[in-house]
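Notes for the one structure printed next.
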Amino acid sequence: MARPIEPIACDCCGKPLLPVFGTYSRVERDFGLASLPYVLCGDCALQHRGNPTEARIREWVMARAARAGADWLSAVTVVVNAHGR
């Protein structure tokens, strides 16, 4: 049985997003072992434009990973923690 596709949500505020070009910002951050994505709604992208802190980016990446399930969250945690050392 295929896993249902969850709607895209902002990794900052959790607001559900429509998969329409221009309604959200998808960014990937290089963590050495992997490049991991996070998604921000337009409001949050404007609020955090410029240079968000590394801690904030890690928080967003972990929020995205948590939506994908426990196994993916565990794998992402290893990658993110390895990069922080």
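What does the highest-first list of 17-28, 71-82 look like by mean Cβ count within 10 Å?
Values: 17-28: 12.1, 71-82: 14.2.
Ranking the peptides 17-28, 71-82 by packing returns 71-82, 17-28.
Across all directions, the average flat footprint of the convex hull enclosing the Cα atoms of the stretch 10-83 is 4.9 nm².
Values quoted throughout were computed directly from the atomic coordinates according to the rules given, and no laboratory measurement underlies them. Model, not experiment: these values are computed from the prediction. Backbone-built Cβ (ideal geometry, glycine too); neighbour counts: all protein chains shown.
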